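Trainee: Structure incoming, see below.
The values are calculated or read from the model by the stated rules, or taken from the named source; none is laboratory data. In this text the structure is predicted, and so the values were computed from the model without any measurement. Cβ atoms come from the backbone with ideal geometry, glycine included; neighbour counts cover every protein chain shown. For accessibility, only protein heavy atoms count, side chains too; no ligands or nucleic acids. Shrake-Rupley method; radii C 1.70, N 1.55, O 1.52, S 1.80 Å.
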Amino acid sequence: GLFSNHFEQGKIKVTQKVSDGIVVYADKQQLQQVLINILLNAVEALAETRDPEIMIDCCQDNAYATISVKDNGKGIGQEHIEKIFDPFFTTKPNGTGLGLAISYQFITEIGGRIWAESLHGEGAKINIQLPKCEMR
């Protein structure tokens with residue numbers, strides 16, 4: 001709902017594939033902020049893309065849930081992919097370089113992992129792996 005305006009304006013197709021019954025150990029507001037940071041980056045990366053699309057996938061195994069946000073934008077250059085979670089690193093003219101750094105800190109503090117996959121010109125995929133919470 002937060003991004004529907006961005007999606008409509010950019011004519012971005014959004015697809016979601018989310019497994020039922022996933023419960024993770026995380027602060028809801030902080031996890032929401034992480035997803036906002038990732039989605040904002042995806043929307044910006046799609047600015048000049050023909051047929052822009054964002055795919056959100058959430059699946060689980062025995063111990064973890066994995067959320068993946070993939071776009072078909074310009075991608076992240078290999079020279080930048082290892083730096084995108086560093087504080088103050090940005091390739092954007094008006095960026096602060098804090099969104100993904102804060103996201104990285106939050107995810108690792110709760111025992112999760114966050115990493116990026118990308119081929120320049122073929123989009124980017126951000127993966128978040130979170131410990132599952134067992135319901136009793």
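Trainee: Roughly how far apart, in whole Å, are the Cα centres of region 10-38 and region 41-70?
Mentor: First find each Cα centre; the distance between them is then 9 Å.
Trainee: On the accessible surface of the chain, probed at 1.4 Å, how many percent belong to carbon and sulfur atoms?
Mentor: After summing per-atom areas, the C and S share lands at 50 percent.
Trainee: Give the accessible surface of the chain per residue, rounded to a whole number of Å², with probe radius 1.4 Å and ligands, DNA and RNA excluded.
Mentor: 65
Trainee: Specify the angular offset, from 0 to 90 degrees and rounded to the nearest 10, of the alpha carbon long axis of helix 28-45 from the longest principal axis of the alpha carbons in the chain.
Mentor: It works out to around 20 degrees.
Trainee: Residues of region 22-58 with the amide nitrogen closer than 18 Å to a label point 7 Å from the Cα of ARG113, along Cα-to-Cβ, please.
Mentor: Once the point is set 7 Å along Cα→Cβ of ARG113, 25, 57-58 turn out to lie under 18 Å by backbone N, inside region 22-58.
Trainee: Residue by residue through region 79-88, what is 3J(HN,Hα) from phi via Karplus (6.51 cos²θ - 1.76 cosθ + 1.60, θ = phi - 60°)? Round to whole Hz and write x for glycine and proline.
Mentor: So the J values, rounded to whole Hz, are 6, 10, 4, 7, 9, 5, 9, 6, x, 6.
Trainee: Also: Skipping prolines and chain starts, which residues have an amide H placed within reach, meaning under 5 Å, of the one on ILE54, given they are 5 or more residues away or on another chain?
Mentor: Distant-sequence amide H within range of ILE54: LYS13, VAL14, THR15.
Trainee: Take the alpha carbon gyration tensor of region 48-98, find the square roots of its eigenvalues, order them as a ≥ b ≥ c, and report rounded if a/c is under 1.5; if not, report prolate when a/b exceeds b/c, else oblate.
Mentor: oblate
Trainee: Can you give me the angle between helix 99-109 and the longest principal axis of the chain, using Cα atoms only, in degrees from 0 to 90, rounded to the nearest 10?
Mentor: 20
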